[in-house]
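Student: What follows is a single structure, and I will ask about it in a moment.
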Amino acid sequence: MIDSIARHILGLHGWAALALVFALPLLESSAFVGFVFPGEIAVLLGGVLAFQHRVSLPAVLAAAVAGAIGGDTIGYAIGRRYGRRLLSGRVGRRIARREHVERAERYLAERGGKAVFLGRFTAALRVMIPGLAGMARMRYRTFVVYNVTGGALWATGMVLLGYLAGASWQRAAHWASRFGLVLLALIVAGFALRLAGRASRRGADRLAAVGDRLAATAPAGWIRRHLPDQVAWLGRRLDPAAPDGLALSGTLALAALFAWIFGGLTQDVIAGEGIAGLDPRVHVFAVAQRTGWLTAVMRNVTWFGSNWLLVPILTAATAVLLRRRDGRAVGWLWTAYLGAVALYALAKPLIHRPRPPAGDLIGAASGPSYPSGHAIQALAAWGILALLAGAGRSPRLRAGLLATAAIIVLLVGASRIYLGAHWLTDVLAGYTLGAAWLAVVSALRRRRGDPTSPPRRHASRRTNPTRPR
C-alpha cells in the first residue's frame with residue numbers, strides 16, 4: 001500500500017504535489033492517518049520531487065512545516081475538547097483506568113513539552129502525543145512552542161533528506177525509520193529509569209514484595225538453585241534503590257547502543273553503502289548553500305570543537321572546580337575529554353578515509369576524515385561540562401544546560417560539513433562515538449559515587465557577611 005501511494009505521489013508535480021505534502025502530515029495526528037501511512041514518507045517524497053525539479057524546494061519546506069504544525073494543533077484541539085468524552089465511553093473505560101488517565105494527564109501537564117518535541121521524531125508517538133497533550137489540559141502556550149519547534153525541525157530534516165537522497169529515497173526512508181526506532185528506545189529507556197528512580201524513593205518495598213513473590217515460584221527457585229551467582233549479580237544490576245543498580249545498568253545500555261550505531265556507520269563507510277551513499281549529495285548541497293555571512297558564522301562556530309578553544313575553557317573550568325575543592329570533578333572532566341581525543345586518534349588510522357575534495361575546503365584540515373575529531377571532542381567536552389555544572393541543581397536547569405551543550409555540538413558538526421572538512425557520516429560517527437564514551441564516563445561516575453549530589457562546601461571556607469572577618 002505504501003509503495004503504491006508513494007508511486008502516485010512521485011507522479012505528481014506543482015500544486016497537486018504540494019497539497020499532498022501538506023495534507024498527509026496534517027492528517028497524520030489530527031485524523032490518525034499516521035497509523036496507516038506515516039506522514040514522514042510524504043514529506044520525504046516532497047524532497048525527492050524538489051530534487052527532480054517538479055516543485056521548488058522552498059515551497060515543499062513551507063508546505064511540510066505548515067502541515068506538521070497544523071496537524072498537531074488540530075490533534076491537540078480534538079484531544080482537549082473530545083478526549084474525555086471518548087475515554088468516558090464504554091470503549092474508553094475498558095481501555096484505560098481512570099487513575100492511570102489522571103496520572104498521565106498530570107505528567108503531561110507538568111512535563112509534557114519535551115514529550116511533544118521528542119514525539120514528533122518517532123512515528124509511534126507522533127500520532128498520539130498531540131491528542132494526549134490536549135486531554136491533559138497542557139497549556140496551549142507551552143504546547144505551541146514545542147509543537148512549532150519540533151514540527152519545523154522534523155519537516156525541514158525530512159524534506160532535505162529526501163532532496164539529498166534523490167532516487168534512493170527508499171534507503172533514506174529506511175534510515176529515517178531506524179532513527180525513529182532508536183529515539184523511541186531512548187525515550188522508553190529514559191522513562192523506565194525515571195520510574196525506577198521514583199520507585200527507589202517511594203515504592204522500593206513494593207518492588208521487593210513483587211520480587212519475593214516471583215522468587216517463590218518453582219521456575220525461579222530452580223534458576224536460583226542452579227545459578228546462584230548469576231542471579232545475585234542480576235539482582236544487583238536491576239536494583240532501583242542501589243547507586244550502582246538499575247540507573248548504572250541503563251547508562252551502560254545507552255553506551256552499548258551508541259557503540260552499536262557507531263559500528264553500523266563504520267560498516268557502511270567501509271563498504272560504501274547505506275547512509276554513506278548520502279555523503280556526496282550532502283557535500284554538494286552544503287557547498288551550494290555557501291554565502292559570505294554564513295561562511296563567516298561557520299568559521300567562528302567550528303572553533304567550539306577545536307582544541308585551541310576547548311583546552312582553555314576546560315582549564316578555566318578546572319580552576320573553578322579546584323577553587324571549590326572538587327578534585328574528583330576535575331578528574332572526570334579531563335577523563336571525558338582526553339578519552340575522546342584518544343578514541344578518535346585511534347580510529348582515524350584504522351579507517352583512513354580521505355576527506356572531501358580539497359578544492360571545496362574552507363580553512364585547514366589534514367589527516368584522515370573518519371570520525372570527525374571536532375564532533376567527538378565537542379560532544380565530550382561540552383557534555384561533561386553540562387553534567388558537572390548541573391550536578392545537584394534543579395531538573396529545569398540541568399535540562400537547559402544539556403540543551404545548550406547539544407545546540408553547540410550540533411552547530412559544530414554542521415560547520416564541519418559546511419566548510420568541507422568532513423563528510424556527513426564522519427560527523428555522525430563522531431557524535432555516536434562521543435556519546436558512547438560520555439555514557440561510559442557517566443556510568444563510572446555513578447559507580448564511584450552519587451553524581452547528582454552538589455559539591456561539598458567546607459565550613460572553614462564560608463564566611464558570614466554580617467560578621468567581621
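Student: Obtain the radius of gyration and the Kirkwood radius of segment 279-360 from its C-alpha atoms and give Rg over Rh.
Tutor: Dividing the radius of gyration by the Kirkwood radius yields 1.12.
Student: At 1.4 Å probe size, put HIS352, HIS283 in order of accessible surface, largest to smallest. List each step's numbers first, then the result.
Tutor: On the way: HIS352 125, HIS283 15 Å².
From most accessible down to least: HIS352, HIS283.
Student: Hey, rough spin-label estimate for TRP334 and ALA319, points 7 angstrom out along Cα→Cβ, what's it come to in nanometres?
Tutor: If labels sit at TRP334 and ALA319, their model points lie 1.6 nm apart.
Student: Starting with the highest mean, order 54-65, 360-371 by the number of other Cβ atoms within 10 Å, averaged over the residues of each peptide.
Tutor: Values: 54-65: 20.2, 360-371: 16.2.
The packing order, highest mean first, is 54-65, 360-371.
Student: Using a 1.4 angstrom probe on the protein heavy atoms only, could you order ARG328, ARG299 from most to least accessible area? List each step's numbers first, then the result.
Tutor: Details: ARG328 155, ARG299 120 Å².
Reading off the accessible areas and sorting them downward yields ARG328, ARG299.
Student: Please give the length that would be gained between ASP360 and ARG137 if that part of the chain were fully extended, namely 0.36 nm times their separation in residues minus their C-alpha to C-alpha distance (nm, one decimal). Mind dumping the intermediate values first?
Tutor: Values: separation 223, 0.36 × 223 = 80.28 nm, distance 5.15 nm.
Extending this stretch completely gives an extra 75.1 nm.
Student: From the square roots a ≥ b ≥ c of the eigenvalues of the alpha-carbon gyration tensor of segment 298-344, which class results: rounded (a/c under 1.5), prolate (a/b over b/c), or oblate?
Tutor: Details: a/c = 4.00, a/b = 1.56, b/c = 2.57.
The shape class here is oblate.
Student: Can you give the extra length, in nm with one decimal, that the chain gains between ALA403 and LEU294 once fully stretched, where that is 0.36 nm per residue apart less the Cα-Cα distance?
Tutor: Details: separation 109, 0.36 × 109 = 39.24 nm, distance 2.29 nm.
Contour length minus Cα-Cα distance gives 37.0 nm.
Student: Could I ask something else about it? About the Cα centre of segment 293-404, what is the dipole size in debye to 20, counting +1 per Lys and Arg Cβ and -1 per Asp and Glu Cβ, all else neutral? Before the final figure, lay out the partial values.
Tutor: Values: 11 positive and 2 negative charges, 78 e Å.
Dipole of segment 293-404, to the nearest 20 debye: 380 debye.
Student: Now for a different question. Report the one residue of PRO356, ILE417, LEU397 whose Cα lies farthest in the direction of the positive end of the charge dipole of segment 333-440 (charges on C-beta: Lys and Arg +1, Asp and Glu -1; origin at the Cα centre).
Tutor: Among PRO356, ILE417, LEU397, the one farthest towards the positive end of the dipole of segment 333-440 is LEU397.
Student: Using 0.36 nm per residue, how much length does the chain from MET128 to ALA414 gain when fully extended, once their Cα-Cα distance is taken away? Don't jump to the answer; show the numbers that get you there.
Tutor: Details: separation 286, 0.36 × 286 = 102.96 nm, distance 3.15 nm.
Full-extension gain reported as 99.8 nm.
Student: In addition: What order do you get for 315-325, 17-27, 403-413 when each peptide is scored by the mean count of other beta carbon atoms within 10 Å, highest first? List each step's numbers first, then the result.
Tutor: Values: 315-325: 13.5, 17-27: 23.5, 403-413: 18.5.
Packing order, densest peptide first, comes out as 17-27, 403-413, 315-325.
The values are calculated or read from the model by the stated rules, or taken from the named source; none is laboratory data. Note that the structure is a prediction, hence the values are computed from the model and not measured. All Cβ positions, even for glycine, are placed from backbone atoms using ideal geometry, and neighbour counts span all protein chains on display. Note: accessible area is taken over every heavy atom of the protein model, side chains too, but ligands, DNA and RNA are not part of it. Shrake-Rupley method; radii C 1.70, N 1.55, O 1.52, S 1.80 Å.
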